[in-house]
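Values quoted throughout were computed directly from the atomic coordinates according to the rules given, and no laboratory measurement underlies them. Note that the coordinates shown come from a computational prediction; the quantities given were computed from them, not determined experimentally. Here the Cβ positions follow ideal geometry from the backbone for every residue, glycine too, while neighbour counts run over all protein chains shown.
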Amino acid sequence: MPTYRDEAVVLRTHKLGEADRIVTMIGRRHGKIRAVAKGVRRTGSRFGARLEPFMVVDAQFYVGRTLDIVQQVDSAGSYGADIAADYARYTVAHAMVEAADRLTEHEAGTPHYLLLVGALRSLARAEHPAGLTRDSYLLRALSIAGWAPSFVDCAVTGAAGPHSAFVPQLGGVVADAVAPPGAVRLDAATLSLLGALLAGDWEAAEDSDERTRDQASGVTAAYAQFHLERGLRSLELQDRETA
Amino acid sequence: MYEGIVQELIDEFGRLPGIGPKSAQRIAFHILTTQSFDTTRLAELLAEVRERVRFCSICGNVAEQDTCSICRDPRRSQTVICVVEEAKDVAAIERTREFRGLYHVLGGALSPMDGVGPDNLRFTQLVQRLADATVTEVIIATNPNVTGEATATYLTRLLDQPGLRVTRLASGLPVGGDLEYADEVTLGRAFEGRRTVEA
């Protein structure tokens, strides 16, 4: 039976039969991987703990007819415990892996894998406020998928910014001449924060105030929900108390 | 494919969790070919279980009355509540014969990706049970995985009140195993939860 090996980040798991799980991962080289991990729900399982959501693993798989089978697993990054220890971070991590799951359905994995691993590591180490990490991840993941938003120049005509009308359906901010009636108007601080999150400029992003972060978060969610067609369920269940 | 009712029976068994097409076919043919198999009793039980079994109005465990046998038992300690994800976890803990308190079944674990948030679990009912200050300890016995740990984290925050001790089940090495086969996550937990050995 052919086998392959890949580094992968675990997105989600589903129970299968008595003690097995179906594990969904993004592989660095193989993109989306769905594999059966046999016996991992038993307390004596040798690699059950490594195949939890938000874990990064170096794994070997048998190629199966519909689902592959996990043969061996080594841990390459253990972020689950730190993320689960803070409920706000946990809800943020769910939004990130749900988006990754949807965005990698038909795409190669490497850029998404690297972005997600970096975001989970940053989240686990609490390097930045959890909500900013989520919004930055979503904007950058959408960009990798080909839906890069524009926060300065007009997304339709390319006219130099700044512009204040934001239209998710048109790809970001648009000039007044092409803005549909009733388009959301964003202030300069929000647009500046969104640009910083997209570029990964953390110094500028962390300089923002709470109100601006809330507005940027709403814009990011609206942009992601539109481009992913079906909404992300996790975004509706974010822990707003501390995120 | 089989004809008519046989295929219907196989399809119905195949809809049960953990039963694939082959297992469904095996069960169906066992019923068909084993003369001693009491199909009437099985049919009666299936109908009866749906009618009689409900969830305990206090703890959420399965019960045949309004409350379950554990909540009705006056010999159980009323000061300790063990919080579990599913009713089947109650049975697992009861098998240990170590715990003599009450239970609270949450009905799952927090998983935003699956649409399960705090409003979908029995957190409010738990807080209501703690209102009269009879309970002095809550033991969180959610599963030792990421989802269970996050649920425990949320509960710890929710139950942060004076006079209430909140504890979490220990996790670590399984009894009867060899240390060299333990994964690093479990072994790390065992180190974190190490305890002093009395001389």
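Of B:105, B:116, B:80, the residue with the greatest mean-square motion in the GNM of chain B, using alpha carbon springs below 10 Å, is B:116. For chain A, modelled as a GNM whose springs connect Cα atoms under 10 angstrom apart, the maximal fluctuation among A:37, A:183, A:141 occurs at A:183. From the square roots a ≥ b ≥ c of the eigenvalues of the alpha-carbon gyration tensor of the range B:11-69, which class results: rounded (a/c under 1.5), prolate (a/b over b/c), or oblate? Cα axes put the range B:11-69 in the oblate bin.
Each label was represented as a point 7 Å from its Cα along the Cα-to-Cβ direction; for residue B:36 and residue A:188 these points are 8.8 nm apart.
Restricting attention to chain B, close to 20% of DSSP beta bridges with both partner residues there are antiparallel. Using θ = phi - 60° in the Karplus curve 6.51 cos²θ - 1.76 cosθ + 1.60, the 3J(HN,Hα) couplings for the range B:122-138 round to 8, 6, 4, 4, 5, 4, 5, 5, 8, 4, 8, 6, 5, 7, 10, 9, 10 Hz; x is entered for Gly and Pro. Couplings for the range A:8-24, taken from phi via the Karplus curve 6.51 cos²θ - 1.76 cosθ + 1.60 with θ = phi - 60°, read 8, 10, 7, 8, 7, 9, 10, 5, 9, x, 5, 9, 9, 9, 8, 10, 9 Hz in order; Gly and Pro are left as x.
Since only A:179, A:160, A:189 are under comparison, the one whose Cα sits farthest along the positive direction of the charge dipole of the range A:127-200, derived from C-beta charges on Lys, Arg, Asp and Glu, is A:179.
Out of the trypsin sites (Lys or Arg not before Pro) in the range B:133-187, which ones are loop residues according to DSSP with at most 14 other C-beta atoms within 10 Å?
Details: sites: B:157, B:165, B:168; in loops: none.
Loop-located and lightly packed - none at all.
Cα axis of helix A:87-103 to longest principal axis of chain A: angle in degrees, 0 to 90, nearest 10? In chain A, helix A:87-103 runs at an angle near 90 degrees to the longest axis.
Rounded to the nearest 20 debye, the dipole magnitude of chain B is 580 debye, with +1 charges on Lys and Arg beta carbons, -1 on Asp and Glu beta carbons, and the Cα centre as origin. In chain A, the DSSP beta bridges split such that about 90 percent are antiparallel, to the nearest 5. With contributions of -39500 (n - 2.57) from each DSSP H run of at least four residues, the per-residue ellipticity at 222 nm computed over chain A stands at -11500 deg cm²/dmol.
Give me the net charge of residue A:235's neighbourhood, meaning all other residues with Cβ under 10 Å from the Cβ of residue A:235; Lys, Arg count +1, Asp, Glu -1. Don't skip to the end; give the middle numbers.
Working: positive: A:134, A:233; negative: A:98, A:236.
Net charge around residue A:235: 0.
With springs connecting C-alpha atoms under 10 Å apart, model chain A as a Gaussian network and identify which of A:39, A:146, A:31 has the largest mean-square fluctuation. Comparing A:39, A:146, A:31 in a Gaussian network model of chain A, the most mobile one is A:146.
Around the amide H of residue A:77, modelled in the peptide plane, lie the amide H atoms of A:56, all under 5 Å away and 5 or more residues distant in sequence or on another chain. Summarising the amide proton neighbourhood of residue A:72: residues at separation of 5 or more, or on other chains, whose placed amide H is nearer than 5 Å comprise A:60. The angle separating the long axis of helix A:130-144 from the principal Cα axis of greatest extent in chain A is about 90 degrees.
What number comes out for the charge environment of residue B:159, summing +1 per Lys or Arg and -1 per Asp or Glu over other residues with Cβ under 13 Å away? Let's see the in-between values first.
On the way: positive: B:129, B:157, B:165, B:168; negative: B:137, B:160.
For residues surrounding residue B:159, the net value is +2.
In this Cβ point-charge picture (+1 for Lys and Arg, -1 for Asp and Glu), the range B:84-124 has a dipole of about 240 debye about its Cα centre.
Axis angle, to the nearest 10 degrees, between helix B:146-158 and the longest C-alpha principal axis of chain B: 50 degrees. Pull out a ≥ b ≥ c, the square roots of the eigenvalues of the alpha-carbon gyration tensor of the range A:175-243, then state rounded if a/c is under 1.5, prolate if not and a/b is larger than b/c, and oblate in the remaining case. Note, shape of the range A:175-243 comes out oblate.
Based on DSSP H runs of at least 4 residues, each adding -39500 (n - 2.57), what is the mean residue ellipticity at 222 nm of chain B after dividing by all its residues, to the nearest 500 deg cm²/dmol? So the calculated ellipticity at 222 nm is -12000 deg cm²/dmol. Mind checking which of A:115, A:70, A:10 is farthest towards the positive end of chain A's charge dipole, using Cβ charges of +1 (Lys, Arg) and -1 (Asp, Glu) about the Cα centre? The listed residue farthest towards the positive side: A:70.
Residue farthest toward the positive end of the dipole of the range B:4-52, with Cβ of Lys/Arg at +1 and Asp/Glu at -1: which of B:37, B:47, B:20? Comparing the listed Cα positions along the dipole, B:20 ranks first.
Taking θ as phi - 60° and the Karplus parameters 6.51, -1.76 and 1.60, the scalar couplings of the range B:23-37 work out to 5, 4, 5, 5, 5, 4, 6, 5, 5, 5, 9, 8, 4, 6, 6 Hz in sequence order, x denoting glycine and proline.
Between beta-carbons, use under 14 Å as the cut-off and find the net charge around residue B:4, counting Lys and Arg +1, Asp and Glu -1.
With Lys, Arg at +1 and Asp, Glu at -1, the net is -4.
The range B:124-185 and the range A:108-127 have their alpha-carbon centroids 29 Å apart.
Taken about its Cα centre, the protein assembly as shown carries a charge dipole of roughly 1040 debye when the Cβ of each Lys and Arg holds +1 and the Cβ of each Asp and Glu holds -1. Looking at the protein assembly as shown alone, DSSP beta bridges between its own residues are antiparallel in about 70 percent of cases.
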